[in-house]
1. What is the residue count in the stretch 52-62 for residues that are within 26 Å of residue 87 (Cα to Cα) and either free of Cβ contacts under 8 Å to residues at least 60 places away in the same chain or touching a strand residue (DSSP E or B) at 6+ places or on another chain (Cβ under 7 Å) (or both)?
2. Output the residue which, of all residues in the stretch 230-264 that are within 13 Å of residue 61 (Cβ to Cβ) and in contact with a His (Cβ under 9 Å, 6 or more places away or on another chain), is surrounded by the most Cβ atoms within 10 Å (Cβ to Cβ).
3. What residue, among those in the stretch 196-222 that are of a type in the set (Gly, Ala, Ser) and out of contact with any helix residue (DSSP H, G or I) (no Cβ under 7 Å at 6 or more places or on another chain), is surrounded by the fewest Cβ atoms within 10 Å (Cβ to Cβ)?
4. In the stretch 21-51, what residues are among the small types (Gly, Ala, Ser) and either surrounded by 12 or more Cβ atoms within 10 Å (Cβ to Cβ) or without any contact (Cβ under 8 Å) to a residue 12 or more places away in the chain (or both)?
5. Limited to the stretch 220-247, what total is found for residues that are under 22 Å from residue 102 (Cα atoms) and either in a loop (DSSP other than H, G, I, E, B) or over 18 Å from the mean Cα position of the chain (by Cα) (or both)?
6. Pick out the one residue from 250, 270, 217, 276 that is over 20 Å from residue 66 (Cβ atoms), small (Gly, Ala, Ser), over 20 Å from the mean Cα position of the chain (by Cα) and not in a loop (DSSP other than H, G, I, E, B).
7. Under 6 Å between Cβ atoms, at least 6 apart or on separate chains: pull out the pairs that start in the stretch 319-334 with a residue that is among the acidic types (Asp, Glu) and end on any residue that is surrounded by fewer than 19 Cβ atoms within 10 Å (Cβ to Cβ).
8. Just the residues that are buried (at least 18 other Cβ atoms within 10 Å of the Cβ) and part of a loop (DSSP other than H, G, I, E, B), please, taken from the stretch 319-340.
Amino acid sequence: MIRSKLPNVGTTIFTRMSQLAAQTGALNLSQGFPDFDAPPALLEAVSRHVSAGHNQYAPMTGLPVLREQVAAKIARLYGVQVDAEQEITITPGATEAIFCAIQAVIQPGDEVIVFDPCYDSYAPAVALAGGRCVHLQLSDGDFRIDWQAFSDALTPRTRLVVLNSPHNPSGALITREDLDQLAALIAGRDLYLLSDEVYEHLVYDGVQHASVLAHEALYARAFVVSSFGKTYHVTGWKTGYVIAPPALSAELRKVHQYVNFCGVTPLQWALADFMAEHPAHVEELPGFYQAKRDLFCDLLHTSRFRFTRAAGTYFQLVDYSAIRPDLDDVQMALWLTREHGVASIPVSVFYQQPIPAQRLVRLCFAKREETLRQAAEKLCAI
């Protein structure tokens with residue numbers, strides 16, 4: 001018999017809900033991907049580089065020209081200078097970057113603090129490294145960190161803290177004050193930080209993203225992960241990157257070279273071209289997605305769902321307790337898909353210990369206006 005290293009892990013809820021949406025013909029607002037295409041200039045660049053013969057292995061750390069564009073973006077947006085050669089690593093997806101960072105620093109018996117609800121790739125990566133996750137719940141309602149509970153959870157075995165802002169699934173944001181408090185609490189401790197910032201450019205209502213990159217004390221011990229897929233509407237390209245100080249980057253690269261070695265070459269060339277020629281794209285993203293958020297929320301205004309507009313990401317949580325309080329959120333997600341033609345994600349799957357009374361599902365608004373209008377019409381009819 002196989003002795004599984006992940007005995008409690010099955011097919012992810014994202015896969016299951018997307019499959020159910022396809023089987024039932026439901027509108028898929030579950031898995032987080034756009035139903036519209038990338039900028040034409042970016043797609044044209046891929047074709048150009050494929051035809052130019054850029055189809056062999058890229059350097060293990062990523063194309064120098066792409067790493068230089070990432071460094072230029074960081075300098076422009078966060079006022080921070082990072083070394084493109086020693087501190088930036090291009091990876092085949094942000095999930096691979098997260099996995100490699102965890103494998104690089106976690107030893108058997110180490111503890112990793114994560115904040116529930118949290119993205120589902122963190123805990124399996126920790127388990128495979130021989131570590132143990134310590135799950136702390138964000139506050140119910142506004143999804144803020146309880147810093148006293150965090151302080152109480154720190155032990156000599158704590159080796160890593162995983163942050164995620166903008167936060168999936170809630171859309172909540174970590175503030176500069178939060179980062180200052182974290183820095184004070186971990187000062188003098190032998191631990192690292194993994195900051196999942198894949199939605200860094202999807203922050204709304206004039207708020208600025210508080211990046212660990214711009215916090216000198218925290219960045220000195222951090223891996224900061226981001227995603228080209230989220231930023232350029234190409235989630236299927238599975239291309240991301242991680243920024244870390246030279247010593248941490250060196251350890252991450254030791255793992256990365258044996259997991260996937262390098263990212264897809266023509267995609268890296270195309271991204272480098274597009275970033276150089278269209279630097280304003282990232283600055284336009286907040287307005288682009290805020291318009292979609294506002295349209296969707298305005299359309300849902302007459303529904304029986306209750307919600308607070310997401311502060312970031314392209315996900316909107318909705319409370320369905322006025323509609324079917326008798327259903328838990330997994331049952332509700334199945335009911336919405338099968339009976340009303342809209343697929344969502346139940347929030348309880350992001351918790352180690354779900355909150356029994358919580359009645360929330362996550363909807364993705366990275367969709368065309370037509371899709372959002374159709375989905376809202378179905379949801380308002382319930």
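The values are calculated or read from the model by the stated rules, or taken from the named source; none is laboratory data. Please read these numbers as outputs of a predicted model, since none were measured by experiment. We place every Cβ from the backbone using ideal geometry, glycine too, and count neighbours over all the protein chains shown.
1. Selection size over the stretch 52-62: 2.
2. The residue in question is 242.
3. Here is the first cut: in the stretch 196-222, the ones of a type in the set (Gly, Ala, Ser) are 206, 210-211, 214, 217, 220, 222.
This time we only want the ones that are out of contact with any helix residue (DSSP H, G or I) (no Cβ under 7 Å at 6 or more places or on another chain), so: 206, 220.
Numbers: 206: 7, 220: 14.
Across the stretch 196-222, the extreme among qualifying residues is 206.
4. Listed by number, the residues that qualify are 21, 22, 26, 30, 32, 38, 41, 45, 47, 51.
5. 8
6. Details: 250 fails: over 20 Å from residue 66 (Cβ atoms); 270 fails: over 20 Å from residue 66 (Cβ atoms); 276 fails: over 20 Å from residue 66 (Cβ atoms).
After applying the criteria, what remains is 217.
7. Note: pairs meeting the criteria are 319/306.
8. 320, 323
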